[in-house]
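Written out below as structure tokens is the structure these notes cover.
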């Protein structure tokens, strides 16, 4: 029996799908065993996902961040890696209700597009360009984790004010933990993302003698940077509990998705 290079990708996708379903089901049954089963499945998917990324690196000779399926796959991998580390440290179950579906969505995009093992254009073999791709990808992962914990902080705050226990109540840690993790993830992610954008501007200036050519992915990335900058300021000023925080988070995520999809163009 022969194995195809894409087999680890589809195995990871299957594990992520079942793991996400188990986690979402636990939201209604409130059964910790479903949470644990979902986590085991997600970790199994993560292992297969890691093999898939290693396959890309081996076959192409460059990090898996140069086209749409590679970028979405790497962002999904980084998001889950950060979420797993935070779960080990804080045992925050509630974040999985946002993170697992996001990881599944990103890897589904990677599998559906079908542009795997792209050889890097010789014109793009630049340390500045590779730094731009790597930093923006890792920065996006940090921002998405920050959004997840920011939403948990918002939900926790609303529950405490209304004195009503929602379905997430049993899984959410203290408001202080959610706020701290959300702020740190946003701050770190935004800093890395900013460095990535600056590297992209520098590379564009070196190659095209212009700072930005304003295609879909550049516009989406710039709008995301502005929205997440405002969102981070909300945390610094203590206004993260306002409803506009949710709108800023949603707008930032949409802008990032637009930028990611724009990679194909």
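The values are calculated or read from the model by the stated rules, or taken from the named source; none is laboratory data. Values in this document were obtained by computation on a predicted structure and should not be read as measured data. With ideal geometry, Cβ positions are generated from the backbone for all residues, glycine too; neighbour counts draw on all protein chains shown.
Within the stretch 96-138, the set of residues being within 14 Å of residue 203 (Cα to Cα) and either assigned to a loop (DSSP other than H, G, I, E, B) or at pLDDT below 65 (or both) comprises 123, 124, 125, 126. Checking each residue of the stretch 216-239 against the condition of being within 30 Å of residue 128 (Cα to Cα), at pLDDT below 90 and loosely packed, with under 15 Cβ neighbours inside 10 Å gives at least one match. Quick check: is even one residue across the stretch 87-97 more than 16 Å from residue 19 (Cβ to Cβ) and in contact with a helix residue (DSSP H, G or I) (Cβ under 7 Å, 6 or more places away or on another chain)? Yes, because at least one residue in the stretch 87-97 is more than 16 Å from residue 19 (Cβ to Cβ) and in contact with a helix residue (DSSP H, G or I) (Cβ under 7 Å, 6 or more places away or on another chain). Here is a check on your reading of the model: is residue 5 within 16 Å of the chain's Cα centre (by Cα), part of a loop (DSSP other than H, G, I, E, B), more than 26 Å from residue 182 (Cα to Cα) and modelled with pLDDT under 85? No, not satisfied.
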